[in-house]
Structures are given as C-alpha cells and as structure tokens.
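The values are calculated or read from the model by the stated rules, or taken from the named source; none is laboratory data. Because the structure is a prediction, the values reported are computed rather than measured. Reconstructed Cβ throughout: ideal geometry from the backbone, glycine too, with neighbour counts over all protein chains shown.
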Amino acid sequence: MAMAANHDEFQPLNITVLTVSDTRTRENDTSGDYLEQAIAAAGHIIKDRALVIDDIYLIRAQTSAWIANNAIQVIVITGGTGFSGRDSTPEAMQPLFDKSVEGFGELFRQLSFDDIGTSTIQSRALAGIANRTLVFCLPGSTGACTLAWQKIIAPQLDCRTRPCNFYNHLKTD
C-alpha cells in the first residue's frame with residue numbers, strides 16, 4: 001500500500017474497540033461506551049466493537065482478525081493491563097506487534113501520575129503497530145480511557161496534528 005500524503009483536512013479512520021474483562025458486559029461496559037462515543041464524536045468510524053474475557057488466546061483471536069482486515073486501521077483495547085491474576089492484554093498483544101510504540105506507555109503513565117500518583121506504575125498500558133494497524137492497550141477504568149483518548153490518542157489519529165501523527169503509518173483503502 002502506498003504511503004498517504006499529509007492532509008490539511010480531517011481524514012476519518014476505521015476504528016474498533018475491544019473490552020477485555022471477566023466481569024463486564026455490554027450493559028455495564030462504561031469504558032467501551034466512552035471510547036465508542038469519543039471515537040464517533042471525533043469524526044472517526046466505529047467498524048466493530050467486541051468484549052472478550054481476559055484470555056490471551058481470545059484476545060489474540062479477536063485482534064488478529066481485525067489486524068488482518070484491510071478495512072481496520074486502529075484497534076483500541078480497554079482492560080487487562082494491570083497486575084491482577086488474569087490480566088494478560090500485554091502478553092497477548094506484544095507478540096503480534098511489528099513495532100512497539102514505547103512512548104505511548106511512558107506518556108500515559110506520566111500523565112496519569114497527576115490523577116493516581118505512584119499507582120500509575122501498575123499500569124502496563126502499551127501500543128504497537130501490526131500489519132499497519134495501530135493498537136492501543138489501555139487500562140479498564142473509564143478515567144484511564146478518557147485520559148488516554150483525550151491527551152494522546154485523539155491528537156495522534158488526527159492527520160492534521162503536527163509535527164507528526166500516525167495517519168501515514170496506517171493502512172489506506
């Protein structure tokens with residue numbers, strides 16, 4: 001696929017949302033609801049949304065299908081990034097990444113320090129690129145999703161953000 005040019009006008013992206021949780025359902029998934037609403041409000045397109053239990057292979061199965069789909073450009077995962085017994089989103093996703101976006105986790109923890117203090121070191125938030133699909137792995141709290149979306153992800157998915165953004169690194173139709 002050819003590299004996209006810089007754009008002066010907003011270009012909507014095709015985004016999916018995955019909630020990883022052993023306890024949440026679509027009825028009480030406030031983090032997934034927030035992300036879906038924020039993504040749509042920013043002008044992007046929600047291509048799919050799913051919820052899986054915290055299981056490495058179920059997480060990989062769902063995200064691998066999206067990564068292989070040429071219509072999906074971004075995946076946002078909420079949940080499974082802590083240190084609790086079954087938290088396994090980082091272990092599920094890291095092997096799938098062609099490149100890691102180390103700065104995402106570092107910046108997320110720096111920004112969340114203002115909200116939760118040193119507890120931020122227990123977040124294993126991460127991001128990477130797989131098959132030109134950008135994947136963000138966020139904590140399961142709605143506050144963490146709000147912080148990550150507003151302060152980091154939304155600007156980096158906007159092709160007008162300078163000096164750089166992720167738009168030119170993603171699949172194009």
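A few comments on the model shown:
- Here the range 99-114 is the region considered, the condition is being over 25 Å from P12 (Cβ atoms) and hydrophobic (A, V, I, L, M, F, W, C), and the residue that is surrounded by the fewest Cβ atoms within 10 Å (Cβ to Cβ) is F113.
- Scanning the range 57-86 for residues that are under 17 Å from R132 (Cα atoms) and small (G, A, S) yields S64, A65, A68, A71.
- Only residues that are exposed (fewer than 13 other Cβ atoms within 10 Å of the Cβ) and among the basic types (K, R) were counted in the range 78-98, giving 0.
- The range 40-87, residues that are more than 20 Å from E27 (Cβ to Cβ) and in contact with an Asp or Glu (Cβ under 6 Å, 6 or more places away or on another chain): I56, R86
- Considering only residues in the range 120-142 that are of a type in the set (G, A, S) and over 20 Å from R49 (Cβ atoms), the one that is modelled with the highest pLDDT turns out to be G128.
- Some residue of the range 141-153 being part of a loop (DSSP other than H, G, I, E, B), under 22 Å from Q62 (Cβ atoms), small (G, A, S) and touching a residue at least 60 places away in the same chain (Cβ under 8 Å): yes
- Residue match in the range 58-66 (condition: among the β-branched types (V, I, T), modelled with pLDDT of 95 or more and over 19 Å from A154 (Cα atoms)): yes
- In the range 5-116, counting only helices (runs of 4 or more DSSP H) that sit wholly within it, the ones holding 1 or more residues that are free of Cβ contacts under 8 Å to residues at least 24 places away in the same chain and small (G, A, S) span 30-41, 56-68, 102-116.
- All positions within the range 131-145 that are farther than 22 Å from N69 by Cα and crowded, with 16+ Cβ neighbours inside 10 Å: P139, G140, S141, T142, A144, C145
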